[in-house]
Structures are given as structure tokens and as C-alpha cells.
Amino acid sequence: MQKDRNLTIAGNWKMNNTVAAALALVNDLTVALAHVTAVDIVVCPPFTALSDVAQALRGSNIHLGAQDMSAHNAGAYTGDIAAEMLQELAVRYVILGHSERRQYHQELDACVARKAQAAHAASLQPIICVGETLSQREAGHMEQVLATQVRESLTGLTTNQMVETMIAYEPVWAIGTGKTASPEQAQEAHAFIRGVLVTLFDEATARRVRIQYGGSVRPSNARELMSQPDVDGALVGGASLDAQSFTEIVNNAIETNT
Ligand code: PGA
């Protein structure tokens with residue numbers, strides 16, 4: 001099925017890979033994925049490898065993303081990284097509000113919204129993560145949780161900024177657990193999120209926003225997930241650390257979109 005929206009496969013390397021390991025991985029990926037034009041490919045190394053990876057990706061079809069950034073432009077924020085610092089390294093995307101940031105760093109939706117605005121001000125495209133925990137799902141609160149996260153993490157974005165923003169639906173219970181959402185569960189959540197975007201913006205805008213699925217995406221399940229009408233790609237953690245499995249996921253995505 002051909003979708004209007006370009007599929008995007010992004011690798012979230014999390015806190016993995018020294019500079020040397022990062023370069024080895026991207027060197028394999030630039031060769032293995034050199035033929036790809038039908039899918040947008042992004043890798044998100046840790047901050048320490050961004051500069052070297054940016055150079056290794058120059059002239060390739062793979063884009064660079066970061067895993068987080070500060071909402072502030074500069075100043076006394078020890079340990080933080082500003083949007084301008086990322087932009088200087090040819091970073092184009094930035095993951096915001098990942099559940100690990102929400103869980104381990106107490107990031108709230110309002111903070112994610114401020115970061116998203118700072119990202120756009122520096123011409124970076126945010127990938128905003130939302131997703132329910134298992135207990136929220138089991139209590140029947142999935143829709144309420146997603147609606148709140150989407151609405152409050154997108155506060156203040158203009159329509160133009162929204163179409164340059166991706167959303168990643170990442171059910172917390174599926175991240176790093178090997179338990180993937182079924183294609184039906186993913187489709188249901190993605191369609192729901194798109195419906196929230198209609199109420200916040202309008203139908204045409206909602207139709208243009210790419211919504212990625214994340215949570216134990218593997219070569220074995222990527223094709224079925226990506227075949228769903230509202231699933232516009234994947235945010236891949238563990239499987240993005242291996243060149244072969246990431247390449248297979250990209251190739252599977254291409255097959256679903258032809
Ligand atoms: P996983 O991580 O693919 O290892 O489950 C996905 C993510 O957290 O983005």
C-alpha cells in the first residue's frame with residue numbers, strides 16, 4: 001500500500017556505542033543502505049558520537065538525530081545540550097519525551113513542549129514520544145493517557161511546525177521487552193493519535209504528520225507493523241545497534257510502501 005507520508009525509520013541507539021563503535025556501525029549502514037530512496041533513514045547516536053558520525057554521514061542518504069536536548073538556548077544548565085549545538089553538527093532530528101527521559105529524568109509534557117518549541121526555533125525536527133504503561137492500558141486508560149500526552153507535549157506548536165514534527169507511539173510495555181504491540185494494537189493507537197491531531201489542528205495537517213511505532217521492532221515484525229495504514233515508520237532501539245537487522249527493517253519498510 002502506498003502511503004501519502006514518507007516512512008521514516010529511525011535508530012535510537014540510547015546510551016550505547018563509543019565513537020569507534022558508532023563509526024563502525026555507520027560505515028556499515030552507509031554501504032548497506034546506499035540504495036534507499038523510498039524511506040527516510042535516521043540514526044540517533046549518543047551526544048559524544050554526533051560530531052564524528054555527522055562527518056561519516058556527509059553525502060549519504062542517512063540523516064542524523066539526537067536523543068534529547070535542553071529547552072534553554074544557553075546558560076547555567078550543567079550537563080545539558082542546546083539546540084544550536086546540535087544544529088552546528090548537522091543534526092536534523094531530535095527525540096523528545098522518550099519514556100526513559102520521562103521515567104528516569106522526571107520529564108513532563110510541559111517540558112517536552114518547551115523543548116519542541118526550542119527545537120523548531122533552531123530548525124530541528126522533533127520526534128515526540130508518547131505511550132502508555134501496561135497498568136494504564138490494563139486499567140482502560142490508554143486513550144486518555146495518549147490524548148493528554150499528545151495535547152500537552154504539542155502545546156504552542158503552529159500548524160507549519162506540526163507537519164515538521166513526528167510522533168512516535170511507544171507503548172512503555174513494549175520497549176526493550178521483546179513484547180511488540182500487535183499490528184492491530186499499533187494501528188488503533190496511531191489512528192487515535194491522528195484523531196487527536198485533527199482536534200488540535202485540522203484534518204489536512206493530521207494527515208501529513210508522520211507517526212512512528214516504537215517498542216521491540218525487529219526485522220520479523222517490521223513488515224506487518226509498517227503495513228498498517230497509520231503507521232508511518234519505526235523508532236527502533238535494540239535492533240538499530242546491529243547493521244544487518246536495521247538494514248532489514250528498512251528493507252521491510254520499503255516493501256510495504258510500494
Ligand atoms: P526497543 O526500543 O526497540 O529496544 O524496544 C525502542 C525505543 O525505546 O525507542
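The values are calculated or read from the model by the stated rules, or taken from the named source; none is laboratory data. Values in this document were obtained by computation on a predicted structure and should not be read as measured data. Positions of Cβ are generated from backbone atoms using ideal geometry, with glycine treated the same way; all protein chains shown enter the neighbour counts. SASA here: full protein model, heavy atoms, side chains in, ligands and nucleic acids out. Shrake-Rupley method; radii C 1.70, N 1.55, O 1.52, S 1.80 Å.
Quick notes on this structure:
- Debye-sum result for the chain in log10 I(q)/I(0), which assumes one identical scatterer on each alpha carbon, at q = 0.07 Å⁻¹: -0.21
- Helical contribution to [θ] at 222 nm, DSSP H n ≥ 4, -39,500 (n - 2.57), averaged over the chain, rounded to 500: -13500 deg cm²/dmol
- Where chymotrypsin sites (Phe, Trp or Tyr not before Pro) fall in DSSP loop in region 65-150, at most 13 other Cβ within 10 Å: TYR77
- Label separation (ASP242 vs ASN6): 2.8 nm, computed from points 7 Å beyond Cα along the C-beta direction.
- Accessible area in square angstrom per residue, region 71-193, 1.4 angstrom probe: 47
- Each of PRO219, ALA147, LEU57 was scored by the projection of its Cα onto the charge dipole of the chain, and the greatest displacement toward the positive side belongs to LEU57; charges sit on the C-beta of Lys, Arg, Asp and Glu.
- For region 1-116, the residue among ALA76, THR37, GLN87 whose Cα projects farthest onto the positive side of the dipole built from Cβ charges is THR37.
- Extension gain, THR48 to SER182, is 44.7 nm, computed as 0.36 nm per intervening residue step minus the present C-alpha separation.
- For region 91-219, radius of gyration divided by Kirkwood radius, i.e. Rg to Rh on alpha-carbons: 0.94
- Take the Cβ atoms of GLU224 and GLU152, set R0 to 30 Å, and the FRET efficiency comes out at 0.45.
- From the C-alpha gyration tensor of region 150-229, square roots of 5λ in Å: 25, 13, 10
- Surface composition of the chain: carbon plus sulfur atoms hold 50% of the accessible area, using a 1.4 angstrom probe and ignoring ligands, DNA and RNA.
- The value of relative contact order for region 102-191, using C-alpha pairs under 8 Å at least six residues apart, is 35 percent.
- In percent, rounded to a whole number, the relative contact order of region 1-101 is 26, using alpha-carbon pairs under 8 Å and six or more apart.
- Rel. contact order, % - alpha carbon contacts under 8 angstrom, at least six apart, region 196-248: 34
- Once the 1.4 Å probe is applied to the protein heavy atoms, region 213-258 comes out at 33 Å² accessible per residue.
- Separation in nanometres of the label points that stand 7 Å from Cα toward Cβ, at ASN73 and ALA204: 3.2
- Residue among ALA20, ALA38, ALA66 with the largest mean-square fluctuation in a Gaussian network model of the chain, springs linking Cα atoms under 10 Å: ALA20
- Over region 27-116, volume per residue of the alpha carbon convex hull, in Å³: 114
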